[in-house]
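What follows is a single structure, written as structure tokens, with notes after it.
The values are calculated or read from the model by the stated rules, or taken from the named source; none is laboratory data. The structure presented is a predicted model; accordingly, all values stated were derived computationally and were not measured. Every residue, glycine among them, receives a Cβ derived from its backbone with ideal geometry; neighbour counts consider all protein chains shown. Surface areas here come from the heavy atoms of the whole protein model, side chains and all, with no ligands, DNA or RNA. Shrake-Rupley method; radii C 1.70, N 1.55, O 1.52, S 1.80 Å.
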Amino acid sequence: MQPIVAQRKAVRFRRGWGGYVLHFAVTAAIVGATSFVFYRAIPVNATTAGFAFLIDVLVIAARWGFPEALLASLLSVLCFNFYFFEPVGTFNVADPQNWVALLAFLATAIVASELSTLARERARQAEDRQQEMERLYALSRAILLTDPARPAAQQIAERIAGIFRLEAVALYELQAGKICGAGPGNLQMTEELLKRVTAQDAVSTNEAGVYLAPIRLGGPPVGAIALGGGTMSEAALQALSNLVGIGLERARAQEAAGRAEAARQSQELKSTLLDAIAHEFKTPLTSIKASASAMLAAPAGLSDEVHEWASIVDEESGRLSRLVTEAIQMARIEAGRIQLNKELCSVDGSIQGVLIELNSKLEGRALNLSIAGDLPPIFAHRAMFRLALRQIVDNAIRYSAPGSPLSIRAEVRDGRIRIGVADRGPGIPAREQPRIFERFYRAQQTPPHVTGSGMGLSICREILHAHGGEISVESSPGGGSVFTISLPAADLEKEP
């Protein structure tokens, strides 16, 4: 590969020999015609003839360039000397002053032709830049109007080939790992070659004159592009690669947004379905639990066997009801449909209420309860806060051995309420602690008899986040676990 600047210069001055021969022949004919007109048809003095020859040189320089202008200058000097300087009809110069005049004319003609060629080249470059800018603008508009139903890379390659009138375009998208081609030609680019191009820092050309440019937007490479059958400046090629990168990133962002919207709608649909299913479940579960509770409370009494069956029905219907509630809450959290009706809540009262609900599971356990007397209230959704607190206490009960003590401590520190629940369970390995708050995750060493859905801690974390709170865990294998809830204390002067 070679730098694009050298390749650009080579393309600029590349002409066929036939073109040079034709231009030189026409140049000689123009100088000859001028000599004939002003020597035979309209005889003039040497000064007028010199101006005529100088005009020929300028016109030829403006039309074709320096090589033809240089030839015109030499031929004009020869004709000027032969037809208009004494002795006429020879190349001899009688007056030495005429040598000075001839050399001055030659120098003037060469300088004028060079200046004219330079001006012509700059005008051509300005025209090329304007054309490139117009094409880049057209490409930017085309990228904005890409069809989401078709692959963006393929559409961009087709737009480049059409707008810049290229024989062939090969666009390599690194993330997709495929090459999209466009144009009537075929560049025969391999994925390995274009992968190497993505690692480059600048545009270049190969031996066949194909432009190669990496596509990046200030970060990791996005891909590479190869252009064949056209000419383009380095600045335009760099701008084109940037536009392609923007187009690919835009298409990727649109796809991600579409997937996110589809996921959001899916979560809302799931939440709606679960709400509907929950009502269907709740009705029979309520009847089953009420019947079981009535049987257990019957004054006539039950046989031991029937009493045990009724207890199992009552306990399992309650567990199934909680599982349904957890599923509903998780679906609502994922769909972003948590509605918080906040009010002042007593932390002490909430803890006592949760312990009453879990009283049957706490039988036979020593409960160490330490609640600070000056504990301020919190501003929270009462039911949601109690649900989060119940998940933590229930989790400590289920994962610790029956009869082992349980500790609950509540205090205020730095304007935040901290509630810690400690158990004497098997503990949680350090590698698993960051994952226990994920949905449906259960520790690998969970005993088979410990039931659960893996949603409780995830629900607790989301509820606390919605209240501006946090949850953390400290644990070591064999040393039990301490789950700590942190919530902002209510500011009674600011809260409504």
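A few notes on this one:
- Criterion (buried (at least 18 other Cβ atoms within 10 Å of the Cβ), assigned to a helix (DSSP H, G or I) and hydrophobic (A, V, I, L, M, F, W, C)) met by exactly one of 57, 100: 57
- Any hit, the stretch 30-53, residues being open to solvent by 40 Å² or more (accessible area, probe 1.4 Å), within 60 Å of the chain's Cα centre (by Cα), under 22 Å from residue 112 (Cα atoms) and modelled with pLDDT of 85 or more: no
- Residue within the stretch 138-160 that is touching an Asp or Glu at 6+ places or on another chain (Cβ under 6 Å), on the phi < 0 side of the Ramachandran plot and buried (at least 17 other Cβ atoms within 10 Å of the Cβ) present: yes
- If the condition is being farther than 15 Å from residue 387 by Cβ and in contact (Cβ under 8 Å) with a residue 60 or more places away in the chain, then the stretch 348-358 contributes only 348.
- Counting only helices (runs of 4 or more DSSP H) wholly contained in the stretch 338-433, the ones carrying 3 or more residues that are farther than 21 Å from residue 468 by Cβ and within 49 Å of the chain's Cα centre (by Cα) occupy 382-398.
- Residues that are among the β-branched types (Val, Ile, Thr), open to solvent by 10 Å² or more (accessible area, probe 1.4 Å) and farther than 13 Å from residue 362 by Cα, drawn from the stretch 373-417: 412
- Residue that is farthest from residue 212 (Cα to Cα) [pool: residues in the stretch 132-186 that are within 20 Å of the chain's Cα centre (by Cα) and of a type in the set (S, T, N, Q)]: 146
- Residue selected from the stretch 210-227 under the condition of a type outside the set (A, V, I, L, M, F, W, C) and surrounded by 15 or more Cβ atoms within 10 Å (Cβ to Cβ), by the criterion nearest to residue 166 (Cα to Cα): 211
- Considering each residue of the stretch 164-174 in turn, none proves to be in contact with a strand residue (DSSP E or B) (Cβ under 9 Å, 6 or more places away or on another chain), aliphatic (A, V, I, L, M), open to solvent by 80 Å² or more (accessible area, probe 1.4 Å) and more than 30 Å from residue 62 (Cβ to Cβ).
- Condition met for residue 311 (out of contact with any Cys (no Cβ under 8 Å at 6 or more places or on another chain), over 22 Å from residue 142 (Cβ atoms), modelled with pLDDT of 80 or more and surrounded by 13 or more Cβ atoms within 10 Å (Cβ to Cβ)): yes
- Of all residues in the stretch 67-97, those satisfying the criterion of being outside any loop (DSSP other than H, G, I, E, B) and either aliphatic (A, V, I, L, M) or at pLDDT below 75 (or both) are 69, 70, 71, 72, 74, 75, 77, 78, 96, 97.
- Selection from the stretch 145-196 of residues that are in contact (Cβ under 8 Å) with a residue 24 or more places away in the chain, among the polar types (S, T, N, Q) and either touching a Pro at 6+ places or on another chain (Cβ under 7 Å) or part of a loop (DSSP other than H, G, I, E, B) (or both): 146, 175
- Of all residues in the stretch 163-196, those satisfying the criterion of being of a type in the set (Asp, Glu) and farther than 17 Å from residue 241 by Cα are 167, 191, 192.
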